[in-house]
1. Could you work out the helix-only [θ] at 222 nm for chain A, with each DSSP H run of four or more residues adding -39,500 (n - 2.57) and the total divided by the number of residues, to the nearest 500 deg cm²/dmol?
2. Just tell me how shielded A:367-379 is by partners: mean number of partner chain Cβ atoms within 10 Å of each residue's Cβ, no decimals.
3. Where a Cα-Cα gap under 18 Å defines reach, which lysines qualify for B:Lys150, not counting those fewer than 8 residues away within the same chain?
4. In whole Hz and in residue order, list the ³J(HN,Hα) couplings for segment A:115-128 that follow from phi through the Karplus curve 6.51 cos²θ - 1.76 cosθ + 1.60, θ = phi - 60°; x for Gly and Pro.
5. Quick one: Cα centre-to-centre distance for segment B:22-56 and segment B:129-170, in angstrom?
6. Given a cut-off of 29 Å, name the pairs among A:Lys338/A:Lys431; A:Lys102/A:Lys126; A:Lys158/A:Lys292; A:Lys88/A:Lys431; A:Lys234/A:Lys332 whose C-alpha atoms lie farther apart than that in the structure shown.
7. For chain A, can you list the cysteines whose C-beta has no other cysteine C-beta under 4.7 Å from it?
8. For the pair A:Asn260/A:Glu167, report the inter-label distance in nm, with labels modelled 7 Å from Cα in the Cβ direction.
Amino acid sequence: MTRYAGNAAALRALVRDQEVHRDVYVSEEVFQLEMEHMFPNSWVYVGHDSQVPNAGDYFGTTIGTQPILMVRHTDGTVKVLHNRCPHKGTRITSETCGNAGKFFRCPYHAWSFRTDGSLLAIPLKKGYENTGFEQSHAASGMAPVRHVRNYRGFVFAKINDGGLDFEEFFGDSLSSFDNMIDRSPVGQLKVAGGVLRYMHNCNWKMLVENQTDTCHPMVAHESSAGTVVEVWKKAPPGTKKPMAVEIIAPFMSPYEFFENMGIRIWDNGHGHTGVHHSIHSDYSAVSGYFEKMTVAYGEERAKAILGENRHNTVYFPNIMIKGPIQLLRHFKPIAANKTLVESWTFQLVDAPDMLLERTLMYNRLINAPTSIVGHDDLEMYERAQEGLHSNGNEWVNLQRLYSPDEAGQTNVAVNGTSEWPMRHQFRAWTKFMTMGM
Amino acid sequence: MSMVAEAPLKNAIPTDQELIDFVVREARLIDQQRFDEWLDLYADDAYYWMPLEWNQTDPRLTCSLMYEDKLLLSIRVERLKGARTFSQKPKSRCHHVLQTPQVDSRDPAANNYVTWTPMHYIETRMDEQTLFAAWATHHLGVENGRLKIKLKRVDLINCDAAFGNIQLFM
Ligand code: FES
Ligand SMILES: [Fe+2]
């Protein structure tokens with residue numbers, strides 16, 4: 001039964017000012033429409049160009065559920081291609097990353113393609129003479145994703161021609177990327193440490209919303225962070241606080257801490273928690289780092305860069321970054337009730353190793369399938385995914401600190417426990433979902 | 001719960017059989033959820049390491065699934081007892097099937113003994129049952145006449161796969 005396909009009004013009716021209908025999370029049809037409309041209309045994160053340093057290097061990923069490939073072309077630019085052979089559809093690369101050499105060669109019938117996707121050669125070429133092959137889709141090779149932007153190493157792509165251009169889509173929100181990158185004394189990041197992959201049986205939007213949900217840590221994470229605080233209390237006085245305690249304990253901060261920390265709202269579903277301070281504010285200094293930053297930027301600017309304590313910056317639709325610890329989480333939709341979470345970590349080029357060590361510790365303590373903090377969250381998402389099938393109430397409430405005049409506002413900082421970011425994500429959802437419908 | 005208590009070592013240098021018995025007992029303590037006794041098998045400066053990468057050599061600048069000192073392990077054990085540990089309502093259960101541990105190296109002078117144990121580990125919660133295949137490497141030493149774990153390394157055959165929650169200990 002289709003209810004929503006081609007029906008912009010029905011889709012719009014799923015999102016109200018203060019609540020959303022459960023079908024945005026549980027309906028397979030809505031999920032399919034997200035893949036057909038919302039993701040292709042948005043600038044979606046592909047990867048970091050340090051993953052493809054040399055000509056011919058490639059990295060396979062997805063935009064929504066469509067397989068794509070990021071590749072370093074012979075001219076040094078990064079291309080994004082649909083990972084599909086124009087002959088019969090075969091996925092061109094079997095491994096997630098590797099080096100193609102000068103060209104891709106399809107493993108099925110050996111058609112080959114330059115690293116910008118254009119067709120290089122076909123075996124038995126004569127067989128295509130006088131068939132009108134030149135006019136076929138196939139003749140143009142692997143289809144490139146036409147709209148690609150490399151922002152200081154972070155590669156984004158948009159599949160559809162319509163929609164917003166890059167600057168319009170992101171606006172001021174790119175300041176969070178800037179801050180993360182500027183934390184390197186040479187202004188450069190490198191993917192490092194390996195990627196953690198964590199399978200979630202829930203809708204991808206539950207994860208995105210959770211990145212700005214500041215009323216759950218002290219409740220859901222009492223089990224993990226609360227236990228850390230309790231165990232740490234028993235340490236003999238004077239014991240040096242371990243890095244692990246510095247990382248986990250702030251999750252137990254009281255409501256007041258989160259209220260005062262603030263949330264900033266930008267356009268198009270983007271925003272960040274931690275306007276004034278955050279759970280990352282009180283990490284111990286890493287020796288030698290500030291000195292290096294001062295040499296690179298001057299003391300005042302170095303202080304300004306490191307004084308930003310943004311907690312989670314959400315880039316709609318499906319990534320979150322943490323500038324203070326150089327971490328990016330990618331929420332990859334698989335089905336209405338299934339999401340793959342990839343947690344990527346970055347090294348600040350020319351900064352002490354200790355910073356990467358802390359980033360990796362954070363990643364495995366919070367974001368791993370073997371973590372404890374992650375267990376708390378996933379349990380809640382999966383319970384919500386099940387609970388939403390109840391007919392007792394078809395609506396999800398997003399009302400906290402709602403104000404009727406908030407819809408058109410952008411670049412405002414509000415109370416850190418507001419559900420404005422979630423309402424705002426759903427306004428963007430409706431916009432990109434119905435764009436061109 | 002009945003089970004032979006840990007026997008003190010007969011001599012200063014453990015026999016192969018004593019090393020093997022120790023590894024088998026460790027798995028049993030986990031299966032029987034005797035986590036306080038289990039934790040007691042670890043030296044104070046011990047680590048429990050579960051690499052994320054095949055043949056990983058660096059636990060510091062390469063991410064791991066787990067790389068935990070005794071403080072973090074004790075936090076996990078406390079957490080499992082917690083009244084508001086929602087991901088453990090209901091509780092997970094687990095089951096180890098070990099091959100006979102092989103003694104890879106013995107170095108009494110350095111007080112270091114290494115065993116290698118291929119195993120299957122099954123974790124269940126509610127209607128889900130998940131099977132993991134792994135190799136456990138134990139670095140053991142003698143402390144006050146008892147064997148202690150200095151490092152336990154668990155290499156999953158699919159260490160880099162996307163997992164759901166893995167809640168207990170392998
Ligand atoms: S499917 Fe790729 S060459 Fe035939
Ligand atoms: Fe959380």
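1. On the way: 15 runs with 122 residues, N = 437.
It comes out at -7500 deg cm²/dmol, rounded to the nearest 500.
2. Values: counts 1, 9, 8, 16, 5, 9, 0, 2, 9, 6, 1, 3, 7.
Per residue, the average neighbour count from other chains is 6.
3. Qualifying lysines at Cα under 18 Å: B:Lys70.
4. Going residue by residue, I get 6, 9, x, 5, 5, 9, 7, 9, x, 6, 3, 4, x, 9 Hz, with x marking Gly and Pro.
5. Answer, in whole Å: 6.
6. On the way: A:Lys338/A:Lys431 23 Å; A:Lys102/A:Lys126 24 Å; A:Lys158/A:Lys292 37 Å; A:Lys88/A:Lys431 34 Å; A:Lys234/A:Lys332 41 Å.
Violating the 29 Å Cα-Cα cut-off are A:Lys158/A:Lys292; A:Lys88/A:Lys431; A:Lys234/A:Lys332.
7. Singleton cysteines: A:Cys97, A:Cys202, A:Cys215.
8. Those two pseudo-labels are separated by 3.9 nm.
The values are calculated or read from the model by the stated rules, or taken from the named source; none is laboratory data. Predicted model, so just to flag it, every value in this text is computed and none were measured. Methodologically, a virtual Cβ is constructed for each residue, glycine included, from the backbone with ideal geometry; neighbour enumeration extends over all protein chains shown. When the accessible area is computed, the model is the full protein with side chains, heavy atoms only, and any ligands, DNA or RNA have been set aside. Shrake-Rupley method; radii C 1.70, N 1.55, O 1.52, S 1.80 Å.
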